[in-house]
Amino acid sequence: MCNEKEMMNMPAYKDNKTGTWFVKFYCRDWTGENKQIKKRGFATKREALDYERNYKIRQENNLDMTFGEFWKLYTEDVKPRVKLNTWLTKENIVEKKKLPYFKNLKMNEITPADVRKWQNEMLALTDTEGKPYSQTYRKTMQNTLSTIFNHACRFYNLKSNPARQAGNMGKEEYKEMLFWTTEEYKKFSEAVIDKPVSFYAFEMLYWTGMRMGELLALTMEDFDFEKNTVRINKSYQRLQGQDYITSPKTAKSNRTIKLPKFLAEEMQEYFAMLYDQTLTDRIFQVTKSFLHHEMERGSKAAGVKKIRIHDLRHSHISHLIDLGFSAVAIADRVGHESIDITYRYSHLFPSKQVEMADTLDAVNASFDDCEEVDDDIDMEADKPERDKAEPMIALDAVMGAEDPGAENTGDTAKADEEDKTVKAVEIPADDEKAVDAAENADAGKVKVVSIEQYRAG
């Protein structure tokens, strides 16, 4: 860290009572005011001096510090701004997969080649079962490292992100989505009805599509039985042996869900079973592991396929898709983005694809039937009088259109002349707007004439 000359110019003091070292120095804070910094408890003089040096480097936004020191700075900057569970995940990955490799390398000296070497080491690692890490986990490790360097670039003037330059590692993999039909869920619910807390919890999960953390955070005051609604504005987490109530997963997750009448009635029945319950107490005071255990117990007893608790959310969404509700409507109900609903869930119902194909066949067949009609038949004979006004034809002469499949011989003008075509679109003569639009469209290419003119050539 420090060379001997630098250390000689920096003060450090020994506490004779404790036998440890401390530093005391001045540094300008963000307001520009000199502030005294004092730090005790260092085992050696070198550790005390290293602390002072690194502190001043951080204050100066100087990236002449190690990755390990910058990680401390990153922690101070970012930890207060993210949810605890998000931070704990990031912290675990960094401390186990990043610090052992990058800790003592200076931030401004880490190169894309260094990152590539680290990637190769990660690619060679295996889990407890001897299997390579999943593509998703590899991508998470890469993204976490890149995020740290992005922070250094954005706020501490690092010139470039070596993790981004090194390229990606891994890719996102979507886990298989399993789901229960209503018949399967009914069998399951009957198998767990012996435990009311389980039965009513799973009823809420299946018929509303809410997340497990949202379910476990629910209180009585979240329900409005006059409107038959439940409000989602928080989530429950148990981290490091402590209970935490946080905001929902995303801003979109804040929502009010309309309950089917039967479910509202069931929840009123459940509330009647709760004693000494305040309006702000959690109504499902169980753990996630309890619900996982009940899921296994009920599945086995009912003889239905085993799925995950989160698959109940998939089941609800896919059921709504099958009923014909739009992605936007479903997204509003479950606190999701409509684009995610479109791309992640619609494939669960291949029968819809069959319906689409059959419908397209029918559309195509209707056009084939029209083409087979005898030309001598008067198609106008049976039309109402109001539809018999002399129609107009918009002629679209495609001038100079190149044949994309033709070779570029240089004599394009001649080819264009030969490839001129005429498209005819029937427009009712009494539709003034349509006629005006056709006459004004793409001057020189569109001409409006009567049917008689068109037939006469």
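Listed values, structure above:
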| read-out | value |
| --- | --- |
| J(HN,Hα) series, the stretch 72-79, from Karplus relation 6.51 cos²θ - 1.76 cosθ + 1.60, nearest Hz, glycine and proline x | 4, 5, 4, 4, 4, 6, 9, 3 |
| Karplus (6.51, -1.76, 1.60) ³J(HN,Hα), θ = phi - 60°, over the stretch 123-137, in Hz, Gly and Pro reported as x | 5, 7, 6, 10, 7, 5, 9, x, 9, x, 4, 5, 4, 5, 5 |
| Contour excess over end-to-end distance, with Cα ends at LYS35 and CYS153 and 0.36 nm allotted per residue | 39.8 nm |
| Amide H within-cut-off set for THR111, under 5 Å, with H built and near neighbours excluded | none |
| Cα shape, the stretch 182-348, gyration tensor, a/c 1.5 rule | rounded |
| Charge tally in the Cβ shell below 15 Å around PRO132, where Lys, Arg are +1 and Asp, Glu are -1, PRO132 excluded | +1 |
| Nonlocal amide H pairs with ARG282, under 5 Å, H built at 1.01 Å | none |
| Inter-probe distance in nm under a simple model that places probes 7 Å from Cα toward Cβ, at LYS17 and LEU178 | 6.3 |
| GLN242 versus THR229: modelled label distance in nm, points set 7 Å from Cα along the beta carbon direction | 3.4 |
| Hz values of 3J(HN,Hα) by residue in the stretch 100-108 - Karplus curve (6.51, -1.76, 1.60), Gly and Pro given as x | x, 9, 9, 3, 9, 8, 6, 4, 7 |
| Net length gained if the chain between GLN165 and ALA272 were fully extended (0.36 nm per residue, minus Cα distance) | 32.5 nm |
| Residues LYS305 and LYS45, FRET efficiency given R0 of 60 Å [Cβ-Cβ distance, rounded to 0.05] | 0.35 |
| Cut-off under 5 Å, modelled amide H: who pairs with THR66 long-range | MET107 |
| The stretch 252-317-the stretch 187-233 distance, computed between alpha-carbon centres (Å) | 4 |
| Distance (nanometres) between label positions extended 7 Å along Cα→Cβ at LYS72 and ASN85 | 3.1 |
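Every number in this text was worked out from the coordinates using simple rules, so none of it is lab data. Please read all numbers here as calculations on a predicted model, not as lab measurements. Cβ coordinates were reconstructed from backbone atoms using ideal geometry, including for glycine residues, and neighbour counts include every protein chain displayed.
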